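Peer 1: Sharing a structure, written as C-alpha cells. Questions coming.
The values are calculated or read from the model by the stated rules, or taken from the named source; none is laboratory data. In this text, all values refer to a predicted model and were calculated from it rather than measured experimentally. All Cβ positions, glycine included, derive from the backbone under ideal geometry; neighbour counts span all protein chains shown.
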C-alpha cells in the first residue's frame, strides 16, 4: 500500500467490538514508524475523521456523521430507492432494504424495519459476501462477462459453497436462471429461517448498481405467497431504477464488483 492507503486503513480497525484504539496499538497495527503514524493520526484528526480521547486514544470523528448525512440527502441509490422501498414494506407489511455493490461485497444502504423484524436482518452500513443471500446473488447475472469471469477466478470455492456452481459452466447456468426469473429467493443462508427476496437496481445506462428486497422469517409467510411477493419486489425495483436514472445525481458508472 502507498502512504495514503496506509493512513486510510487506520479507519478500518474502529469497529463496534473495538471502538477505541490507543496510539501505541495503532502504531503496531500500521507497521509504520512512530513518527509516520503520528503524522497520519494528525491528518485524520484535523479532517475530523478521528477524535482524541483520554489516555492518548482515538475514536471515530464527527466528520463521518456529517458525511453520512450528505449521503442520506444526495446519494442517488439512497434517495431514489427510498420511496419504493418504503412503499414495498408498507404494502407487504414486511421488512425491506436497499443494497449496493461495494468491491467484492454487498452493503446495505437503507432499510425499513417493522417492530417484529428479525434481529439478524441486514442493516444500513453492514457488508456481506457477494455470493450469499438474495440481495447479493441477484446482482451477479447483470455484471459484465469479464467481471463474472474475474469473480469466478478469484472466488471459485466461495461460489461452489454458495450453491452457484461447481465449475465455470455451472456458475454461468446458475446466473442465467436468476436472470431469467428477474429475482432471487433464498432461505437461511445467513440466519436460520430468514427468507430474502430481491430484484436488481440499475443505472440509467443499464449497469447494475445494487438490489432491493424483502426480509422476513419463513414462519410469517406461506411459501405459496413467495411468487406474489417476488412480483411486488420486481415492480418496486423497477420504480426505484426509474427514479435513480432520472434523478439530478443520475448514476451511470459501471458496477464495481471485482475489487
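Peer 1: Can you find a residue that is at positive phi, in contact (Cβ under 8 Å) with a residue 12 or more places away in the chain, buried (at least 17 other Cβ atoms within 10 Å of the Cβ) and touching a strand residue (DSSP E or B) at 6+ places or on another chain (Cβ under 8 Å) anywhere in segment 133-146?
Peer 2: The answer is yes; a qualifying residue exists.
Peer 1: Residues that are in the same structural domain as residue 220 (by TED's automatic domain parsing) and more than 27 Å from residue 242 (Cβ to Cβ), at least 3 per element: which helices (runs of 4 or more DSSP H) completely within segment 69-172 meet that? Quick ask: steps written out before the conclusion?
Peer 2: Working: elements: 76-92, 134-137, 145-161.
It comes to 145-161.
Peer 1: For segment 57-68, give me each residue that is in a helix (DSSP H, G or I) and closer than 19 Å to residue 46 by Cβ.
Peer 2: 63, 64, 65, 66, 67
Peer 1: Okay, next question. Could you pull out the residue among 80, 61, 48 that is modelled with pLDDT of 95 or more, in contact with a helix residue (DSSP H, G or I) (Cβ under 6 Å, 6 or more places away or on another chain) and either surrounded by 15 or more Cβ atoms within 10 Å (Cβ to Cβ) or within 21 Å of residue 235 (Cα to Cα) (or both)?
Peer 2: Going through 80, 61, 48 in turn, just one is modelled with pLDDT of 95 or more, in contact with a helix residue (DSSP H, G or I) (Cβ under 6 Å, 6 or more places away or on another chain) and either surrounded by 15 or more Cβ atoms within 10 Å (Cβ to Cβ) or within 21 Å of residue 235 (Cα to Cα) (or both): 48.
Peer 1: Go through the residues of segment 149-168 one by one and say whether even a single one is within 19 Å of the chain's Cα centre (by Cα), within 19 Å of residue 93 (Cβ to Cβ) and surrounded by 15 or more Cβ atoms within 10 Å (Cβ to Cβ). Break it down into steps so the answer makes sense when it comes.
Peer 2: Our first condition is that a residue be within 19 Å of the chain's Cα centre (by Cα); within segment 149-168, this holds for 151, 155, 158-159, 162.
In the following step, the residues that additionally are within 19 Å of residue 93 (Cβ to Cβ) were identified as none.
Looking through segment 149-168, none of the residues is within 19 Å of the chain's Cα centre (by Cα), within 19 Å of residue 93 (Cβ to Cβ) and surrounded by 15 or more Cβ atoms within 10 Å (Cβ to Cβ).
Peer 1: Quick one: residue 186 ticks every box in (1) in a loop (DSSP other than H, G, I, E, B); (2) within 24 Å of residue 226 (Cα to Cα); (3) in contact with a strand residue (DSSP E or B) (Cβ under 7 Å, 6 or more places away or on another chain) except a single one, so which number is it?
Peer 2: Of everything listed in (1) in a loop (DSSP other than H, G, I, E, B); (2) within 24 Å of residue 226 (Cα to Cα); (3) in contact with a strand residue (DSSP E or B) (Cβ under 7 Å, 6 or more places away or on another chain), residue 186 misses just condition (1).
Peer 1: From 37, 32, grab the single residue that is outside any helix (DSSP H, G or I), touching a helix residue (DSSP H, G or I) at 6+ places or on another chain (Cβ under 7 Å), surrounded by 11 or more Cβ atoms within 10 Å (Cβ to Cβ) and free of Cβ contacts under 8 Å to residues at least 40 places away in the same chain.
Peer 2: Numbers: 37 fails: outside any helix (DSSP H, G or I).
Testing whether each residue is outside any helix (DSSP H, G or I), touching a helix residue (DSSP H, G or I) at 6+ places or on another chain (Cβ under 7 Å), surrounded by 11 or more Cβ atoms within 10 Å (Cβ to Cβ) and free of Cβ contacts under 8 Å to residues at least 40 places away in the same chain leaves just 32.
Peer 1: Say whether the condition of being touching a residue at least 12 places away in the same chain (Cβ under 8 Å), at positive phi and surrounded by 14 or more Cβ atoms within 10 Å (Cβ to Cβ) is met by at least one residue in segment 175-191.
Peer 2: yes
Peer 1: Determine if segment 229-240 includes at least one residue that is in a strand (DSSP E or B) and touching a residue at least 24 places away in the same chain (Cβ under 8 Å). Step through it out loud before you land on a result.
Peer 2: Step one: filter segment 229-240 for residues in a strand (DSSP E or B), giving none.
No, every residue in segment 229-240 fails to be in a strand (DSSP E or B) and touching a residue at least 24 places away in the same chain (Cβ under 8 Å).
Peer 1: Considering only segment 192-209, how many residues are on the phi > 0 side of the Ramachandran plot and touching a helix residue (DSSP H, G or I) at 6+ places or on another chain (Cβ under 6 Å)?
Peer 2: Summing the residues that are on the phi > 0 side of the Ramachandran plot and touching a helix residue (DSSP H, G or I) at 6+ places or on another chain (Cβ under 6 Å) in segment 192-209 gives 1.
Peer 1: Is it the case, given these coordinates, that residue 80 is out of contact with any strand residue (DSSP E or B) (no Cβ under 6 Å at 6 or more places or on another chain) and at positive phi?
Peer 2: So residue 80 fails the test.
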